[in-house]
1. Name every residue in segment 14-26 that is in contact with a Leu (Cβ under 7 Å, 6 or more places away or on another chain), open to solvent by less than 10 Å² (accessible area, probe 1.4 Å) and more than 24 Å from P135 (Cβ to Cβ), in order of residue number.
2. Among the residues of segment 446-475, how many are open to solvent by 40 Å² or more (accessible area, probe 1.4 Å), within 21 Å of P54 (Cβ to Cβ) and not polar (S, T, N, Q)?
3. If we only count strands (runs of 3 or more DSSP E) wholly inside segment 310-388, which ones have 3 or more residues that are in contact with a strand residue (DSSP E or B) (Cβ under 8 Å, 6 or more places away or on another chain), under 30 Å from D91 (Cβ atoms) and open to solvent by less than 30 Å² (accessible area, probe 1.4 Å)?
4. Tell me which helices (runs of 4 or more DSSP H) are completely within segment 404-498 and hold 2 or more residues being closer than 23 Å to L14 by Cβ and modelled with pLDDT under 70, or say none if there are none.
5. Anything in segment 96-136 that is in contact with a helix residue (DSSP H, G or I) (Cβ under 9 Å, 6 or more places away or on another chain), hydrophobic (A, V, I, L, M, F, W, C) and open to solvent by 30 Å² or more (accessible area, probe 1.4 Å)? List them, or say none.
6. Of everything in segment 389-412 that's of a type outside the set (A, V, I, L, M, F, W, C), under 29 Å from the mean Cα position of the chain (by Cα) and closer than 23 Å to P342 by Cβ, which residue is surrounded by the fewest Cβ atoms within 10 Å (Cβ to Cβ)?
7. With respect to V241, determine if the residue is of a type outside the set (D, E), open to solvent by 10 Å² or more (accessible area, probe 1.4 Å) and either under 29 Å from K487 (Cβ atoms) or touching a Pro at 6+ places or on another chain (Cβ under 9 Å) (or both).
8. Please list, ordered by first then second residue, the pairs with beta carbon atoms under 7 Å, 6 or more apart or interchain, first in segment 464-488 and of a type in the set (F, W, Y), second modelled with pLDDT of 95 or more.
Amino acid sequence: MLSVAVVGSGPAGLYAAEALVKQAAALPVPVPVRVDVIDRLPTPYGLVRYGVAPDHKSIKSIAQYLRKVLESPDVRFVGGVHLGEDVTRDDLVAAYDAVIYATGAMRDRRLGIGGEDLPGSYAATDFVNWYCGHPDMDSGAFTLDAESVAVIGVGNVAVDVARILARDPEELHSTDVPQPVLDALRASKVREVHMIGRRGPAHAKFTTKELRELGELPGVEVVVPADEADLSAFDLAGEGVKLVESDRRVRGNLVAISKWAQGTAAEPAQASASGHVRRLTVRFWLRPVEILGTERVGAITLERTALAADGSLNGTGEFETLEAQMVLRSVGYQSVPLPGVPFDPRASVVPNAQGRVLGPDGSPLPGEYVAGWLKRGPTGVIGTNKSDAAETVRCLLEDLAGGPGEGDVPLPRAGLLRYPDHPAPAADPLVQAAAPEAEVAAEAGEWPLAGVLAGRGIVPVSYAEWLRIETAEADLAKELGRGERVKLHNAEAIWSACRPEPE
C-alpha cells in the first residue's frame, strides 16, 4: 500500500489525488494507494468554493467532479488540520511514503505605491473571499458605501470583482452568495466601476467569455475610451497588432472592446426591472501612481503608459486623477511559504523539477512533491491543474512505485484512466461517506496521522461531517427561498453545522 498525503483540497490537490489512484492502478503491476487529502478548512474544493464568483454556476459545477474524487474509496478527506500549526512538515514526511503540497496562491500582489494601506484600499482576494463566504472573512467586512470604485487589473479576477460590483444584486438571489453579503450588495451605493490596466487591450488577461458577460448585464452601461482601444495609439512596438494576428482569444476580446469604444455594443443602459443603473468603464494604458486620501481613499492618481519601439513599458509623464472611494487591487496572486518547505521568494513557488521538490542544493527531496499554482505560479485555468497534477504524480510513481522510467511511454493524464474496481458503494451517500470514517474510527491506529493528531487533541473533519455543512446550506436556501444552496456566512456557523451541539 502506497500512502500519500496531499496538502490542499482545491482543484490541484484533488486532481493529484485522482491521478494517484488512477495511475497507480494502471501501472504494469498495479499498486494499491491510499490518499489523505488534508486541508486547514473544514470545507473542501479550495478556489472552486471560495474563488469562483457566485454567478458563475457552470464553473462552480466543477465541484461535482471533485466530489467524486473525495468519494473514491481510496481517498480520505482530513479537514480542519493546518500544516504548521496542527502538523509539521516532519510529521507528514515521517507518516507517509510521499507528500504532495498543493495549497495554491492565497495572497494578492501589492502595488507598491503610496496610500496603498489607506482605509478603503483592499486586496481583491479579500473582496472575493467576502462575497464567496470564506470563513476567514467577516461577513460585515465590506459596507460598499463608495460611489466610485477603481479595480486595478484586467484579468479574470478583476472582471469578476467588477461584475459583482456592477451587477443588479437581485440577479444573485438564486446563487449561493451568503445572505449578509447579498444584503450588503442590495444596499450598495456604488454607481461607477473603473477597471484599469497598465497595458493595452491586446495584453489583457481576461477570457472572451468573461469579457462578453460584462456587456450582457442588465442595467449596466460599459464604456471604453476610443483612443485606449486603438491598438497603435500607445504601442510603438506593434505588439498589440501581432497578438491580434496570432491569438484567437485576443481577437475575440477586441471585438467586444471595439464595440464598447464605438458606442455600438448596445443602446445606453436602461434600468433593470429593479431600477438598477450603473456604469462600468474599462481603461487601458494607465498605471496607478498614488492612492490619495487622508482618513480614507478619496482618489487615485494614474499615469499614461506606452510601449516604446523596443517593447519596454514606460510612463509618459501624463497624469490624471480619478475620484474613487474604494480601490481593489487585482494584479496577480502569490503563493505563501509553507512552514519548513523550500520556497523561492522571487518566483513565489516551491522550487521543483516536474513536481519533485528541490532542496537547497538543487537535488530532489525524497518523497516530497508539489502541484498547482504552488508549483508553477498562478497561471492557467482550473482545468490546467489536471495535466499539471498528472505530471507530478507520474514522477512520484516513477520514484516510488516502479512507474514509467526515462524513455518509457508516460501514463496518460488522470481523466483518461478509470478508477480501480471496488465493491459497489452503499446506495445512501451519507452511508457511503460515513462508512470509511467508521472504519477509520475502529482502526484509528492504522491511518498515518491518527496518533499524531490524537496526541495533540485534534479531531479532523471527516467527509461525512462536510456533508452536514452541505445539508445545512441546502436547508438555509429552502428557508430563504433562494436556489439550491446558500453558504453559511462565518466560521462559527460552519463549525456548528459540522459538529452540532448535542441536544
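1. Q23, A24
2. 1
3. Working: elements: 313-323, 326-329, 356-358, 364-370.
Where strands (runs of 3 or more DSSP E) fall fully within segment 310-388 and carry at least 3 residues being in contact with a strand residue (DSSP E or B) (Cβ under 8 Å, 6 or more places away or on another chain), under 30 Å from D91 (Cβ atoms) and open to solvent by less than 30 Å² (accessible area, probe 1.4 Å), they are 364-370.
4. In segment 404-498, the matching helices (runs of 4 or more DSSP H) lie at 429-442.
5. M106
6. Applying the filter and picking the extreme gives E391.
7. No.
8. These pairs meet every condition: W466/P42; W466/T43; W466/P44; W466/F77; W466/G79.
The values are calculated or read from the model by the stated rules, or taken from the named source; none is laboratory data. The structure presented is a predicted model; accordingly, all values stated were derived computationally and were not measured. Glycine gets a Cβ as well: all are built from the backbone with ideal geometry, and neighbour counts include every protein chain shown. The accessibility values were calculated without ligands, DNA or RNA, using every heavy atom of the protein model including side chains. Shrake-Rupley method; radii C 1.70, N 1.55, O 1.52, S 1.80 Å.
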